[in-house]
Amino acid sequence: MSEPCSCCSCQGAVSDGSCTVKSTDSIITLTNRIDHILARWGYKRSDHRVQPGLYTLGTPNTDSPVFASANYTLSFDILRSSLKGHDAYILVLDTKGINVWCAAGKGTFGTDELVRRIESTGLSEIVSHRKIIVPQLGAPGVSAPEVQRRSGFRVVYGPVRAADLPEFLKTGTATQDMRRVRFTAYDRLVLTPVELVQVILPGIIATVALWFLAGPVASLAVFTAVITGTILFPVLLPIIPTKDFSTKGLILGMLVAIPFVLTYLSVQTLPGWAQVAGAVVPLLVIPPVVAYLALNFTGSTTYTSRTGVKKEIFRYIPVMVGLAGTGVVIGVALGVFRVMGMI
């Protein structure tokens, strides 16, 4: 998808019919809000983008500020709506429809793309100053000295949140509070739908299959593990002990496994060894499932780094596989014993 979003229009054109400068406004329409909801739920994930290039907001002149943004619709819309009443230029980089922070980590919101857009839009001929305001969360991908050396534009890092931009424009500086990265329970909760969508179908299949193969308790255990890993974990993230997401997930998984352990231990119709074996299964399977889903959430947070995630993958994935594999083997063995009438 390379078409401009509904909030944009062409202000100028070159001989091939493409826009040189496009215009936008600060109004978030119902169409925009629906797009935001669909993006949050991961629907056509790569299609929530605007056309890269230079946009005017209001009626900017040669002295008006220039803001860099990603071409992810949520990033673009948050920026333009936060600048209501201001005249400015927005330079949209081609981040393949990925938000600023993630794109900076991937390199698409980076030095090369920023310099490329400055040159291709002829920005130096449109504004008289040589300053471009870049989101603070885009800093990992942008080398300010290199941008200035190659384009002549000085990079100024704006505040973390676009809502602070009006005050930032008044004072010209970002306070310590504006620089602080917050990741509140609400911020984490709004990211859970896209995590849930990725696992909901296999989760439903496993839940239904286990209902018939192992009974309602095993089915409920799978459902609980999925909901815990995709929704409960992000909400509780800061208060769970340890630093690694994997160990946080293992801890939370063990806690939610306790009711299932007690349930199996209370089944009086089973011999003692079968009770213990049945109780061990959720304790072995649920924690690694929750931990794996928790590890997936690292891509949605500001709590970790790429190198940290790589270390976790190599360190804990074998542990998760070992625990879950052992639990599945024991569970299958119990099922075979049950079919053979041994328990």
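Annotations for the structure displayed:
- Computed helical MRE - 222 nm, the chain, DSSP H runs ≥ 4 contributing -39500 (n - 2.57), nearest 500: -17000 deg cm²/dmol
- With the biggest extent put first, the Cα atoms of segment 162-243 measure 65, 26, 15 Å across the principal axes.
- Rounded to 0.05, the FRET efficiency of the V267 and V208 pair, given R0 = 30 Å and the Cβ-Cβ distance, is 0.85.
- Stokes-Einstein D for segment 46-193, Kirkwood Rh over Cα pairs, 37 °C, 0.692 mPa s (µm²/s): 213
- Here segment 186-339 yields Rg over Rh of 1.00, to two decimals, using C-alpha coordinates and the Kirkwood radius.
- Segment 61-145: Rg to Rh, with Rh as the Kirkwood radius over Cα pairs: 0.94
- Neighbour-limited loop hits for trypsin sites (Lys or Arg not before Pro), segment 242-322 (at most 13 other Cβ within 10 Å; DSSP other than H, G, I, E, B): K243
- Comparing A206, A294, A139 in a Gaussian network model of the chain where C-alpha atoms under 10 Å apart are linked, the largest mean-square fluctuation is found at A206.
- Basic side chains Lys and Arg get +1 at the Cβ, acidic Asp and Glu get -1 at the Cβ, and with that the dipole of the chain about its Cα centre reaches some 620 debye.
- Convex hull of alpha carbon positions in segment 145-206: directionally averaged projected area 7.5 nm².
- Globularity index of segment 108-151, i.e. its alpha-carbon radius of gyration over 2.2 N^0.38 Å: 1.10
- Footprinting exposure proxy for L137, L169 (fewest neighbouring C-beta atoms within 10 Å first): L169, L137
- Dipole of the chain, positive direction: furthest Cα of I258, L220, T173, with charges on the beta-carbon: I258
- For the chain, the fraction of C-alpha pairs farther apart than 24 angstrom is 62 percent.
- Furthest towards positive pole of dipole, F245, S75, G42, structure part the chain, Cβ charges: F245
- Take the Cβ atoms of M254 and I330, set R0 to 25 Å, and the FRET efficiency comes out at 0.90.
- For the chain, lysine pairs with C-alpha atoms less than 27 angstrom apart, excluding pairs fewer than eight positions apart on the same chain, total 25.
- Per-pair calculated FRET efficiency, R0 = 22 Å: V197 and I34 via Cβ, rounded to 0.05: 0.85
Bear in mind these aren't lab numbers, they're just calculated from the coordinates by the rules spelled out. What you are looking at is a predicted structure, and each value in this text was computed from that prediction instead of being measured. So basically every Cβ, Gly included, is an ideal-geometry build from the backbone, and we count neighbours across all protein chains shown.
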